[in-house]
Amino acid sequence: MDLKRAGKRIGLVPTMGALHEGHLSLVRAARETCDVVAASIFVNPTQFGPTEDLDQYPRTFEQDLRALAELGVELLYHPPSEEIYPPGFSTFVVPPRVANDLEGQCRPGHFRGVATVVLKLFQILPADVAFLGRKDYQQCLVVKDMVRDLQVPIQIQICPTIREQDGLAMSSRNRYLQSRERSQALAISESLQEAMSDYQAGERDPTMLELRAKEKLAAAGIDHVDYVAVRCATTLEPLSRPDQPAVMLIAVKVGTTRLIDNQLLTAQD
């Protein structure tokens, strides 16, 4: 790539489109530290299960294009599916161990599709740094571990979750929510904030933290809970010591819309 040979630092923001402020914050982070910013828009079919929302997933390409242009993105990669998965395609990446639980249990094959398409994007667009959002916490760890294990020459920069003013984590799927469901969904971020408060007050029992969060979700009328889990923040394995770095992760369905969120649990300064 001529830009690489010219010594330009290239930042990559991989997305599935339907861009919101969370995505655009990644572009701005790349803009601050890189000479050239590239973005990809590709709704990856191999990370959707047979009953998931591939066909309904929002596609707003013209709007996305304008937003990226306004932020000065120099390169946009928007391939058709057959370019990524040509006829006869049969090679997939086995994702790292951190993919096995949580989303890996709820969405079999999901991280195989994620790892495969991300590795392909890193080869097609050989950037120096890729910018990912912390809202997809487990996905970030999957990509980081894959890059480490396969010695892919790219740095992974994890950026903060961007939230609506009322605390709901920004997501392309939020647009599916009806008015009542939107109000119910606030219990997700509220549960995470209460867990943080309890943790900072000295609570270290993962079971108790999870129970309180589940009660909060149930009180809001959210009765489809895939998981509420307090795990080691680096491996997503169950905590074995109270001094391990911890994260709470939540995945629920509000109506028919599946939402995820998380919160690193840290002691007060």
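Putting +1 on Lys and Arg Cβ atoms and -1 on Asp and Glu Cβ atoms, find which of PRO79, LEU132, LEU54 reaches farthest to the positive end of the dipole of the range 8-159.
LEU132
Calculate the dipole size of the range 6-120 relative to its Cα centre from +1 charges on Lys and Arg beta carbons and -1 charges on Asp and Glu beta carbons; express the result in debye to the nearest 20.
In total the dipole reaches around 380 debye.
Among ARG175, ARG134, ARG112, determine the one that fluctuates most according to a GNM of the chain built with springs between C-alpha atoms less than 10 Å apart.
ARG175
Percent relative contact order of the range 226-269, based on C-alpha pairs within less than 8 angstrom and at least six residues apart?
Here the relative contact order equals 35 percent.
If one computes P(r) from the Cα atoms of the range 133-191, what percent of pairs lie at distances over 13 Å?
When every Cα pair of the range 133-191 is considered, 68 percent fall beyond 13 Å.
With N denoting the number of residues in the range 3-79, provide Rg(C-alpha) divided by 2.2 N^0.38 Å, to two decimal places.
1.20
Given the chain, what percent of its DSSP beta bridges are antiparallel, to the nearest 5?
55
For the range 72-230, state the average projected area of the convex hull of the C-alpha atoms over all orientations, rounded to one decimal in nm².
Answer in nm², one decimal: 12.3.
Quickly estimate the mean residue ellipticity at 222 nm for the chain, helices only: each DSSP H run with n ≥ 4 gives -39500 (n - 2.57), and the total goes over all residues, rounded to 500.
-11000 deg cm²/dmol
Could you give the DSSP H helices of the chain that reach 15 angstrom or more along their long axis (alpha carbon positions) and whose average Kyte-Doolittle hydropathy is no lower than -1.0?
Those that clear 15 Å and a mean of -1.0 are 21-33, 110-124, 137-149, 179-200, 206-219.
Can you compute the radius of gyration and Dmax for the range 1-152, using only the Cα atoms, both in Å?
15.3, 46
For the chain, just run the numbers: alpha carbon Rg, then divide by 2.2 N^0.38 Å, N being how many residues it has.
With N residues counted in the chain, Rg over 2.2 N^0.38 Å equals 1.02.
Report Rg (one decimal) and Dmax (nearest whole number) for the range 172-263, counting Cα atoms only, units Å.
13.4, 41
No lab work stands behind these numbers, since they all come straight from the coordinates. All values reported here derive from a predicted model rather than from experimental measurement. Don't worry about glycine lacking a Cβ; one is built from the backbone with ideal geometry, like all the others, and counts go over all protein chains shown.
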